[in-house]
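Accompanying notes for the structure given below.
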Amino acid sequence: MNKGQISVKLEQNNTYFPIEAEEEYEWFAIRFTYEKENSWGRLHLFDSEKHIRFCFLDGGNERLIVVHNQPELTSSIAVPGPIVTGTWMLEVSNEEGRTFEAEWEFGCGTLPEEYVSTLMQGEREYWNSGKLNAGFTMDNYDWAKVWQTGSRWYKGDFHTHTVLSDGKMTQLMNREQALKQGMDFFVATDHNVMSTSWAKGNALVIPGVEITAGDGHWNALGLRKWIDWRATSLDGGLTTQQGMDRLMKEAAELGAICSINHPMLRPWAWLYGETKLEGVQSMEIWNDPTFSPNHVATEKALQLWTASWNEGYRITGIGGSDSHMLPTDKYDDSPIPSLIGDPATYVWCDDLSADAVLEGVRNGYVYVSRGPVIDASIQIGDNAYRFGCNLSTAFSQEYDEMASREVTCKLSVASHVNARVTLIHNGNAEWVRDVSATATGEVPEMLEWNIPLEEGTYNWYRFDIRDEVGTLLAFTNPFYYGSKEPQITTYNELLASANLTQDN
């Protein structure tokens, strides 16, 4: 029998259904429904060799998945490859008492029209090769491919969503909208699903996933392989502190950057308080500015991030639009739409590639902006640095005979509104300069600071840019020299160091 049905009221949160592949087929298709729309139910399918073949999160969008031996006919969240014989296992996770119904079919030859997805728009690039035992990996993704040449700041977004989880835009729409926003790259971070293919386009798309749980969300940026985040894994996966610790460790070992999302935004704030700070490489300081609660949450995240640098951690601060909407959609209390690339995160790369973007984030070569375009020259003698750089080389042998060690920092800010630039030194506002709005084609004023270097000390500096009423427009990552041995190790301790709680 190559067809079957499931109709059941779930008696527990996780239920397993065996599906028999009695011979070798070319494709497997399953269509399903939940009792309620947008139920956030989850499905995971394992083949008879216990390889995961798809992971699905119900965000109210299309509930059809095809696993095919040809990548071009396989759903974007499924692993192509041989349909091996034996017992496959469908894991269904949802609230007990809800009804789940599904129809599935194995087949050969032409895929029936009823199983052709409406979401697979345009030509595609295939991140998974579909080779036997390749597993849920990005084994066909070219991390080193150069999309643009030249050393400069590249504009991107580290937090995006599509119809593959709970967003409204298809992959193709995301890519097209990114280009309209003047973006060079973005990271695909749908909730608890990974894409194995993506609609082709001119903006660089980097694989990733938003590990999403009731007590917090984090992005695995540049994840190259599926990691078992399921609640049914031995350590509870994304539902427990132990599981989250393991997931961050595995993601980092696979080359991904672990970045905590909207850490102070209730009800999605980070509540895994025993998270080791040494395992956090990045933090989303600025999340969707058009969502009004984020005005307060972003200021708290800045306060938290400042405390992490004062403690001696060098966590890179990034932004994320957390885009879920169509370009025409906006929140009821927002005058403008919520768009991909708002805020934009700029990363310095010598050439644009996925590897270069991720390395730039690791190094802190980053600034985040809602409009101002920043250029900086950070100079010590003949040596040039940028945001994120360690200036400690200024104390090397070649500088021993210098009469004084001083940083000359020149900064230009092209802003559409009048702005105020503040130099933050070890968490304190040290210099404040006003800049006038820059007309189209006008060269912005160059601001200059001289900063003395004191050997044997730990110091860090960043720039915050705000409008005339204090609303955040942009911030840079710190440049620094010296080091400090952290005296705290966990996220809860960092909250205390910043004089914050998740209730205030």
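Worth a mention:
- Counted residues, segment 175-192 - those being crowded, with 24+ Cβ neighbours inside 10 Å, within 22 Å of ILE52 (Cβ to Cβ) and either at pLDDT below 95 or not polar (S, T, N, Q) (or both): 3
- Residue count, segment 66-97 (criterion: buried (at least 18 other Cβ atoms within 10 Å of the Cβ), in a strand (DSSP E or B) and among the aliphatic types (A, V, I, L, M)): 6
- When residues in segment 111-161 are screened for being within 22 Å of GLU176 (Cβ to Cβ), surrounded by fewer than 14 Cβ atoms within 10 Å (Cβ to Cβ) and in contact with a Pro (Cβ under 9 Å, 6 or more places away or on another chain), 0 of them pass.
- The residues of segment 225-237 that are of a type in the set (S, T, N, Q) and buried (at least 16 other Cβ atoms within 10 Å of the Cβ) amount to a single one, SER233.
- Which numbered condition HIS295 fails, given (1) over 12 Å from the mean Cα position of the chain (by Cα); (2) assigned to a strand (DSSP E or B); (3) of a type outside the set (Gly, Ala, Ser): (2)
- When the test is whether a residue is assigned by TED's automatic domain parsing to the domain that holds ARG224 and in contact with a Gly (Cβ under 7 Å, 6 or more places away or on another chain), MET194 does not pass it.
- Candidates TRP286, TRP348: the one that is part of a strand (DSSP E or B) and touching a Lys or Arg at 6+ places or on another chain (Cβ under 7 Å) is TRP348.
- Filtered residue count, segment 411-452, keeping only those that are among the β-branched types (Val, Ile, Thr), within 27 Å of GLY381 (Cβ to Cβ), within 33 Å of the chain's Cα centre (by Cα) and buried (at least 19 other Cβ atoms within 10 Å of the Cβ): 3
- Residues located in segment 219-240, provided they are under 24 Å from GLY320 (Cα atoms) and free of Cβ contacts under 8 Å to residues at least 60 places away in the same chain: ALA220, ILE227, TRP229, LEU238, THR239
- Test: ILE336 is assigned to a loop (DSSP other than H, G, I, E, B), assigned by TED's automatic domain parsing to the domain that holds MET183 and at negative phi: yes
- When residues of segment 26-42 are limited to those that are surrounded by 19 or more Cβ atoms within 10 Å (Cβ to Cβ) and at pLDDT 95 or above, the one farthest from SER233 (Cα to Cα): TRP27
- Residue within segment 98-105 that is surrounded by fewer than 23 Cβ atoms within 10 Å (Cβ to Cβ), in the same structural domain as PHE56 (by TED's automatic domain parsing) and part of a loop (DSSP other than H, G, I, E, B) present: yes
- Residue in segment 32-48 that is under 22 Å from ARG230 (Cβ atoms), over 26 Å from the mean Cα position of the chain (by Cα), polar (S, T, N, Q) and part of a loop (DSSP other than H, G, I, E, B) present: yes
- Residue selected from segment 238-266 under the condition over 19 Å from the mean Cα position of the chain (by Cα) and in a helix (DSSP H, G or I), by the criterion surrounded by the most Cβ atoms within 10 Å (Cβ to Cβ): GLY243
- When each of THR162, THR149 is tested for being closer than 18 Å to CYS55 by Cα and either modelled with pLDDT of 95 or more or in contact with a helix residue (DSSP H, G or I) (Cβ under 9 Å, 6 or more places away or on another chain) (or both), the lone residue that passes is THR162.
- Qualifying residue in segment 477-490 (condition: under 17 Å from ALA297 (Cβ atoms), among the aromatic types (Phe, Trp, Tyr) and surrounded by 15 or more Cβ atoms within 10 Å (Cβ to Cβ)): no
The values are calculated or read from the model by the stated rules, or taken from the named source; none is laboratory data. Remember, predicted model here, so these are calculated numbers, not experimental data. Neighbour counts run over all protein chains shown; Cβ positions are idealised from the backbone, glycine included.
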